[in-house]
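**Q** Have a look at the structure that comes next, please.
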Amino acid sequence: MGKYTDFLTDKSYAISDEEDYMEELKKAAELFRTFDGALDTFLAEHGYLGQLGDVEAKLGFLEQKLEAAGIDAPRNMKKWFTEHKRIERRTAFLICFAFGLRVEEVGDFFRRICLMRSFDCHDMEEAVYYYAFRHGLNYGEARGIVDRLPLVKAGRLDTKDVIYTRHLMKEVEQIDSVEALVAYLTEHAGKFGYNNATAYQAVRIVWEQLASPQGLAIRERRKLYAGFDMEEPKTGEPRGRKERKRSEDSIWEIYLQILGLAGSQAAPFYKNRSIKPILRENPFLHPFAEESFPDRDGLTKILNGEHISYERVRKIMILLVFYRFWVDRALKENHYSAGYGDADRCLASMDDFLTDAGYPALYPGNPYDFVILFAIHAETPLLTFRDFMRELYFAAEV
Amino acid sequence: MGERTPLGQNTELRFRNHEGGEVCYVIRNVAGYGGTCMVYDGYYRNTTGARKAVRIKECYPYCLTVTREKSGELRVPEREEHRLEAFRLQARESFAISNELYRTAGLSNSISNLLDLYEGNNTVYIVSSYMEGNTLAEYEPETLLDAVKLVSSVAGSIGRIHRKGYLYLDVKPENIFVLPETVELVQLFDFDSMLPMIRREGLKEYRISYSEGFAPVEQKKGDGSRLGAFSDVYSVGALLFFLLFGRAPRAYDCGGQAEYDFGSINWPGCYQDSLFFEITDFFRHTLQSYPDDRYQEMEEAARQLAVIQRYADRSIPYLCSSVIPGQETVIGRDRELGALSEWWAGGEQVIFVSGMGGIGKSTLVRQFWRAHRERMDHAVYLYFHGSLCETVGDDDQLVLNLYEKNPAETGREYFKRKIKGIRKLAAGTATLLVIDNFEGSLDEDFPVLLRAGWRVIVVTRADMEGTGYRQLRVGELSSQEELRELFFAKLGRRLEGAEIGQLDRMVEGVAGHTLALELIAKQIAGSYLTMGQALALTEQKGFSEMAPERVGFHKDGRSYCARVPAILQSVCGLERMAEEKQRVLKAVSLFDMPGIALAELKALLELESFDEINELREEGWLYVQGGNAWLHPLIREINHQGAWKAGDRRIAIREMELLSQRLRLTGQETKGRMGRLSQARSVLNCCSKDRKLSGCHSYKKLLLAVVLHTPRDQEKYIMAQAAFLLRHTDGQNPKDIMKLYDYMVYLYCQRQEFASARSSLASAFRFVKAQSDPFVHGVYYEMLGGYYDSVLDGAYCLPGRREKRLFEKMLAANRKAIYFMEQAKGEEAGPCLIKDMLGEAMLLIRCRPEGAEEPRRLIHMAGRLIRRQGQKETQAGTAYDMARAWYYTLCEPNQALVRRYLKKAGEAYRAFGTPGLDYIDDYIVPAANMMCELGEEPEASRLLEEGAARCDSFPDMIPYIRKKRELMGYQRELWK
């Protein structure tokens, strides 16, 4: 683990001990490196000898590497450094090709530098890249293979006949020639219309455990949950139509409950069933954490098998696994405090889910993961996370 | 580039052995591809020239850019040479370790025999002996026991490897060789991933290859420093999981929250009770993401596998316990659960849990089962069918391994043999038998059943009091709070404010029946009704017909989705009952609480004895209390849903005729009238659900009688029914029709809806014109007089031109009424004539008190008629007292006499049980008026307050609200 990661890991432990942890979290949010900061580390590790503050020199180095690999330099590269712009997956692969990375190094580059998952072999193009990196093919050769493949559109995930990414990777690993690869990909084009299949399956199973009639969330709601209610309820006032329509087992209601926002305070969000107004430009939330923050719409789409971005799926999965772990404990123990070893137990479970789905394990350098890690290390992890969410609510002044 | 080229068929590989001699192996075919090697089938010739099959592993890493030259030599670019050397080194180490392990006592048979290692073609070749058999990836164990034995064997081998100081780290079906004809022994091969257990500190970034699904998270994350014996423990758990479920475990199959569906294992069937519990325990200590939660040593896993083996053995007799799935919402029932726990802790063998269908008996017993299951050795849950012999003999329900019915033996013989077999297993153990839905009798099979030595809970509707066995009666939930909680749980939300009151009314309507409440809650949720709508629908149609949507429901371990009436029928099982008993239930279902007198029921059904009724009572269908028979609201509802047979209709018609007659006989007597009315309305309500019954003459006749006798505070009901009746006057008694018009006009006037009153009068007049009976005409003029009286609103002494004219019309109408009533015949005419005479007298007294002669004459005549007709103790007699009181108030003021007659009249009204509004109109208001006339304002005020207080008793009823407002108006006038 690098120094940066170690530092943030320590920070996630330390913050939960702080009295005013929100301020500490706010400070921590400022510590996360931007993509260009991470890229600097990568460049230094891969032969860049100039000053890290010298943007032109870094650009020159990158362009030289790209050119040598026969790759056109992406547009607006300068903005990576001057405006801290993040890059897309395609661009990330270009850099990997340019630096001649091995398969494992590509994985690291995506996880640590780009905060993304590595190869998604349900994407035909990435399956080709996976093959290419395993066999030391260059970018031009890889593109040559891609150009020979049929076009596949993202579709709905059918859980009855699902092929998991790992399985596809294994199949690709068994292929020993380009011709065989093209034949395989063409023949099995149907397997490439969706992705994140393992994660979808996991989210559905966890959701079922939470939201079924005797599920953990329903039981928590009846037994332990303290609603996010107005401080002084207006007694005798007839309840609004929207409030009456609440059903404790709806996706939205359980979603709010997980976040600790279920209660009369959340009434303003019922119209659009979204908490985006709370998250938007919130001083306590890093933009990376805000981006693709778990949302009701994303959750519904996963449950319906509709395609959503990898980052959204991952964050939803983390939230649900986090909640499942701690609410299960709370219901067994009748309180929310963590027991001895529970934090490590939760982390192990979380990492198991993530690696199983082909996602990077929890990484403290990822601001969203950092919040979860910070909560996991608190004395009452679920309540701490909910407190954090409520603080976001108040900070947003919605 | 990087694409691997295997050696061709018949390629000869020539090496030098340790002594320098040449050995030659011939390649036959490619046997498999590994991450770091290619595996070939080959052979060599021994000294006799015979071919000896071998397996040859060639170090040929997939991840490197390796090319094969024509000579067979492998080449890598210079930059990767060091990596290829690392793989070669690993192969040599693997060979050395494997040989070392092979020589280790106890491992020789578990490790594939590696014959030799050779260097050639710029790589390493390892030759091993060829074995018959398959890897576990291809092999399908015949039984679950075989699968467990195979995994035990793997655990044993890995455990020995651990003891030798190595971690295996690549347990997967492909690396396990199953030897032919035994599952007790397996051989491991591929030792490329092995690591020494010590010296792992420097392996933080060490990437170990792993197999998807079989590697723990610490291995997947590539953290070599965190690996341990527990890492292989995980993989052994994953191996058993794979063999059971046909797939490798995923993250959600790990940890304390994982649930295992043993119904979907590769060898479904009935196993010993503890098997799945022990397997789950094994998974809880192997398939854990957190290493500390796993067995720390392979020996612990092996011990648990030995336990599992014992329970997986199906070659011995054992009793299979039943599985009760999932959780149920059980609210309250602490007393009953306590009673069952007390029984279980005590020594009694049998307990009967009785109560009506749908009250929650089975749910209660299942809850007890769940709470105590861990303390039971065996637990069997049977659904009774036919007889005890059949139920226990049913091998689908009660599985006694190795037992099945011999075609030659009778059901009873098998029952006895099976009980004998169970006795051997249950004796001295904590074994529970539950027989649900028991409908049989305690015949000679019951003692046989008990000989098995198990503890028995019998769930039945029947009342088992007096059988000598312990009984737990299950009734409605005792606390209102619990009933509400149950409702909230089924509704999925909590209620507040006014909704609570509405819920309480519903609870009352179904007498707190749990199933009924559950269904109502689900119907409300599923049909998106508000509580207000639901309450109105329940009261109007019955809860089962509230809405057409289907609702989910669990019964006898199965889930259904059906309409509420169908659910009720299925719970009740009425169709299985004898027809005669069904007839009795249908008849009793005509009556709401407090039901029907037993003697009356017997007469109605023309029964020779009470036998059927008694049987139904004992079976828990019917209640008998205070000489009355009645049904629980739920059973009533179910009976109402059932089809009407011709016999049922005949009984209903007979009852309607009887009730019409009784109401008629009741006349204006109020004593007992409310009870009869309620009974009649209940019968009408029930019959209204059948088209044939609601269209028959008896129905309309009874409805008319009911309307005429219904107190006017229920004007909504009266108006609704009257409108129907006046559209269907055919065949009805004209007198009754006129009384109905009279009632309508009166109510319209009370509501100040004079236009409607006039319209009804016009309609009545059209009807009267076609009638010859003077009584009918008399009634018409009574109602006409009443109308004028209402319009005048007491303005007798302020004769404006309009009032004067109205007053004259009123007097004229009254006189016509007297005229026709004098001519009328029949019992009803007398009281009407008296009432009309007294009415006129009171009018004259109030508007012309100075002319006392005529009123006195009328009162005198009325008195004579009362005495002659024996009406002193009737309402006519009371009206007579009121008229006299008026007389002594205004014509010959005498306070003592006024008080005397008022007291008498008041007592009489109260003794008759006069309905509230009538009492206020006929007594309170006139009495207050009289007191006011006599200058006794405080007394008048007290009377008006008394009237207002009576109105306050009915805060939701509009006629009372209206009446109170009227009284308050009088009160204000009084003190003006």
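Every read-out reported here was derived from the displayed coordinates using simple, explicitly stated rules and does not represent laboratory data. Values in this document were obtained by computation on a predicted structure and should not be read as measured data. Don't worry about glycine lacking a Cβ; one is built from the backbone with ideal geometry, like all the others, and counts go over all protein chains shown.
**Q** Over the stretch B:796-900, what is the relative contact order in whole percent, taking alpha-carbon pairs under 8 Å and six or more residues apart?
**A** 23
**Q** What average count of beta carbons from other chains do you get within 10 Å of the Cβ of residues in A:45-56?
**A** The per-residue average across the peptide is 0.
**Q** Amide H to amide H under 5 Å from B:M197: which residues, 5+ apart in sequence or cross-chain, H placed 1.01 Å off N in plane?
**A** B:Y166, B:L167
**Q** Could you tell me the relative contact order of chain B? Use alpha-carbon pairs under 8 Å, at least six residues apart, and round to a whole percent.
**A** The value is 5 percent.
**Q** Let me ask something else about it. What's the local net charge at B:Y781, with K and R +1, D and E -1, over the other residues with C-beta under 10 Å away?
**A** 0
**Q** When N counts the residues of chain B, how does its alpha-carbon radius of gyration compare numerically with 2.2 N^0.38 Å, as a ratio?
**A** Against the empirical 2.2 N^0.38 Å value, I get 1.56 for chain B.
**Q** Same structure again: Would you mind putting B:212-223, B:821-832 in packing order, based on average other-beta-carbon counts within 10 Å, highest first?
**A** Listed from highest to lowest mean packing, they are B:212-223, B:821-832.
**Q** Another one. For the stretch B:277-350 and the stretch B:410-454, write down the distance between their C-alpha centroids in whole Å.
**A** 24
**Q** Counting only other chains, what is the mean number of Cβ atoms within 10 angstrom of the Cβ of each residue in peptide B:245-251?
**A** If you average over the peptide's residues, the count of other-chain Cβ atoms is 4.
**Q** Could I ask something else about it? When a/c reaches 1.5 or more, the comparison of a/b and b/c decides; with that in mind, is the stretch B:425-520 rounded, prolate or oblate per its Cα gyration tensor?
**A** prolate
**Q** Taking N as the number of residues in the stretch B:748-840, what is its Cα Rg relative to 2.2 N^0.38 Å?
**A** Against the empirical 2.2 N^0.38 Å value, I get 1.10 for the stretch B:748-840.
**Q** What is the Cα centroid distance between the stretch A:68-96 and the stretch B:911-968, reported in whole angstrom?
**A** Cα centroid to Cα centroid, the span is 93 Å.
**Q** Per Stokes-Einstein, at 25 °C and 0.890 mPa s, what whole-number D in µm² s⁻¹ belongs to the stretch B:440-488, with the Kirkwood radius over Cα pairs as the hydrodynamic radius?
**A** The estimated diffusion coefficient comes to 178 µm²/s.
**Q** A follow-up question, please. Please list, ordered by chain and number, the residues whose modelled amide H lies under 5 Å from the amide H of B:V380; skip anything fewer than 5 residues away on the same chain.
**A** Sorted by chain and number, the residues that satisfy this are B:S322, B:L432, B:L433, B:V434.
**Q** Charges at C-beta only: +1 for Lys and Arg, -1 for Asp and Glu. How large is the resulting dipole of the protein assembly as shown about its Cα centre, in Debye rounded to 20?
**A** 5380
**Q** Peptides B:512-525, B:78-91: what's the order by average Cβ count within 10 Å, highest mean first?
**A** Result, highest mean first: B:512-525, B:78-91.
**Q** Once you order the gyration tensor axes a ≥ b ≥ c over the Cα atoms, which shape class does the stretch B:848-976 get: rounded for a/c under 1.5, otherwise prolate or oblate by comparing a/b with b/c?
**A** oblate
**Q** Further, regarding this structure: Can you give me the angle between helix B:298-312 and the longest principal axis of chain B, using Cα atoms only, in degrees from 0 to 90, rounded to the nearest 10?
**A** Compared with the principal axis, the helix lies near 60 degrees.
**Q** Do the sum for chain B: with -39,500 (n - 2.57) for every DSSP H run of n ≥ 4, divided by all residues, what is the mean residue ellipticity at 222 nm, to the nearest 500 deg cm²/dmol?
**A** That comes out to -16000 deg cm²/dmol.
**Q** Out of the DSSP beta bridges found with both residues in the protein assembly as shown, what percent are antiparallel (nearest 5)?
**A** 70
**Q** Over all pairs of distinct alpha carbons, what does the Kirkwood formula give as the hydrodynamic radius of the stretch B:908-976, in Å?
**A** One decimal place: 12.0 Å for the Kirkwood radius.
**Q** Length gain on complete extension for the stretch B:R662 to B:K825, per 0.36 nm per residue less the alpha carbon to alpha carbon distance?
**A** Full-extension gain reported as 56.6 nm.
**Q** In square nanometres and to one decimal, what's the mean projected area of the convex hull around the Cα atoms of the stretch B:1-122?
**A** 8.6
**Q** What do you get for the angle between helix B:673-687 and the principal long axis of chain B? Use alpha-carbon atoms, 0 to 90 degrees, nearest ten.
**A** Helix B:673-687 and the main axis of chain B meet at about 50 degrees.
**Q** Can you tell me, using C-alpha contacts under 8 Å and at least 6 residues apart, the relative contact order of the stretch B:244-348 as a whole percent?
**A** Result for the stretch B:244-348 is 25 percent.
**Q** I'd like the orientation of helix B:498-509 relative to chain B: the angle between its Cα long axis and the longest Cα principal axis, in ° from 0 to 90, rounded to 10.
**A** Between the helix axis and the principal axis of chain B, the angle is about 80 degrees.
**Q** Restricting the calculation to Cα positions, tell me the Rg (one decimal) and the Dmax (whole number) of the stretch B:382-460 in Å.
**A** 11.7, 33
**Q** Please report the spacing between the Cα centers of the stretch B:460-490 and the stretch B:731-758 in Å, no decimals.
**A** The distance from the Cα centre of the stretch B:460-490 to that of the stretch B:731-758 comes to 49 Å.
**Q** Does the stretch B:533-683 classify as rounded, prolate or oblate by the C-alpha gyration tensor (a ≥ b ≥ c root eigenvalues; a/c under 1.5 gives rounded; else a/b over b/c gives prolate, otherwise oblate)?
**A** Cα axes put the stretch B:533-683 in the oblate bin.
**Q** Separate question: Can you tell me the alpha carbon radius of gyration of the protein assembly as shown divided by the globular rule-of-thumb value 2.2 N^0.38 Å?
**A** 1.33
**Q** Here's a follow-up. Partner chain Cβ atoms within 10 Å, averaged over the residues of B:641-648 - can you pull that number for me?
**A** 0
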